[in-house]
Amino acid sequence: MIRRLISIFVILLSISINANQIELSSFNYPPFLQPDNQGFVDKLIKQFSKHSSLDINVVKLPAKRSINSYKNGTSFYHLGADDNFSKVTLNNSYKVTLFDLNVRLLFLKKNESHLHKDLEKLQNIKIGILRGSLKEEEFAKKHGFEITSYIDSENAFNLLLRGRIDFIIFSPLFNSVKDIVDKKNFDKFAYHRKLVHHAEAAIFINKTSPNAKEVYKTLNKKMTQFLKSKDYQKLLHETFQSDIPEEITKYTL
């Protein structure tokens, strides 16, 4: 009887430790996650950790390595978007959603007459995709675009500005925020009218990880509470002022 009680105590203690100490693999992708840890998602996770009393640490690796470390089970937890993973990986994961991402094609305005056409009519197009992103690669191959991979959004915008590629795949979530690129270049970009795909920014939990279901329940409950909190509202107003995207506000109601 005593041994059984001790075993139960050890299991409960293990659940508590795993649910309160979380290490998320991720990668820099300004303005969401930045090298100086001052991106919108950097701040979101930091404030969520404080608000929920959970010890959450984000470990940033190169994008492809970070994505693969979660896919192959080296990392049990990942911070990113679901369009980076296959259906098999997603089916083997619990997902705690932060906000939506409606992903579109971004191009230079000076090329609008050439590029703002039906995608099926475009020829000899060079597109930049995030290294390791499954859905972006599938989209590019579907339309026969020539692919150049990039390591993060800063690399992507530089390739676009230098004319090395025609499109990059990006979310208009920060359409009114000037820190994607420097201010003198921001107004040079336009989005194609066609939506590439819908995605969700989230924390992913490998279902084979220790106490995965309990960790998911804890994170999901506390994240739901945080997204409706005054602390999060303050962060949103600091980031977007009065122009908070619907893709974000739908999770705060």
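The values are calculated or read from the model by the stated rules, or taken from the named source; none is laboratory data. Fair warning: this is a prediction, and the values are worked out from it, not measured in the lab. Note: ideal-geometry Cβ built from the backbone for every residue, glycine included; neighbour counts use all protein chains shown. Areas reflect the complete protein model, heavy atoms only, side chains present, ligands, DNA and RNA absent. Shrake-Rupley method; radii C 1.70, N 1.55, O 1.52, S 1.80 Å.
I want to confirm something. Restricting to segment 69-111 and keeping residues that are of a type in the set (Ser, Thr, Tyr) and within 18 Å of residue 216 (Cβ to Cβ), which single residue is surrounded by the most Cβ atoms within 10 Å (Cβ to Cβ)?
Restricting attention to segment 69-111, the residues satisfying the condition of being of a type in the set (Ser, Thr, Tyr) are 69-70, 74-75, 77, 86, 89, 93-94, 97.
Okay, now just the ones that are also within 18 Å of residue 216 (Cβ to Cβ), so 70, 75, 77, 89, 93-94, 97.
Details: 70: 24, 75: 22, 77: 26, 89: 18, 93: 24, 94: 20, 97: 15.
Among those residues, the one meeting the criterion is 77.
Here is a check on your reading of the model: is residue 133 at pLDDT below 95, crowded, with 21+ Cβ neighbours inside 10 Å and either farther than 22 Å from residue 251 by Cα or of a type in the set (Val, Ile, Thr) (or both)?
Taking the combined requirement at face value, the residue satisfies it.
Pairs under 8 Å by beta carbon, first residue of a type in the set (D, E, K, R) in segment 137-162, partner open to solvent by 90 Å² or more (accessible area, probe 1.4 Å), six or more apart or different chains?
Listed pairs, sorted by first residue: 146/124.
Being open to solvent by 60 Å² or more (accessible area, probe 1.4 Å), more than 15 Å from the chain's Cα centre (by Cα) and of a type outside the set (Lys, Arg) is the filter here; which residues of segment 50-68 pass it?
Scanning segment 50-68 gives 51, 53, 55, 57.
Examine segment 37-46 for a residue that is open to solvent by 10 Å² or more (accessible area, probe 1.4 Å), at pLDDT below 95, under 23 Å from residue 225 (Cβ atoms) and touching a Leu at 6+ places or on another chain (Cβ under 7 Å), and state whether such a residue exists.
No.
Which condition number does residue 19 fail, the rest of (1) open to solvent by 30 Å² or more (accessible area, probe 1.4 Å); (2) modelled with pLDDT under 90; (3) among the aliphatic types (A, V, I, L, M) being met?
Only one criterion in (1) open to solvent by 30 Å² or more (accessible area, probe 1.4 Å); (2) modelled with pLDDT under 90; (3) among the aliphatic types (A, V, I, L, M) is unmet by residue 19, namely (1).
Any residue that is outside any loop (DSSP other than H, G, I, E, B), surrounded by fewer than 19 Cβ atoms within 10 Å (Cβ to Cβ) and modelled with pLDDT of 95 or more - is there at least one of those in segment 159-179?
no
Would you mention how many residues in segment 219-242 are open to solvent by 100 Å² or more (accessible area, probe 1.4 Å), part of a helix (DSSP H, G or I) and over 20 Å from residue 39 (Cβ atoms)?
2
Looking at (1) surrounded by 16 or more Cβ atoms within 10 Å (Cβ to Cβ); (2) within 17 Å of the chain's Cα centre (by Cα); (3) over 15 Å from residue 96 (Cα atoms), which is the one condition that is false for residue 203?
(3)
Residue check, residue 56 against (1) at pLDDT 95 or above; (2) of a type in the set (A, V, I, L, M, F, W, C); (3) part of a strand (DSSP E or B); (4) within 26 Å of residue 148 (Cα to Cα), all met but one. Which one?
Against the list (1) at pLDDT 95 or above; (2) of a type in the set (A, V, I, L, M, F, W, C); (3) part of a strand (DSSP E or B); (4) within 26 Å of residue 148 (Cα to Cα), residue 56 comes up short only on (4).
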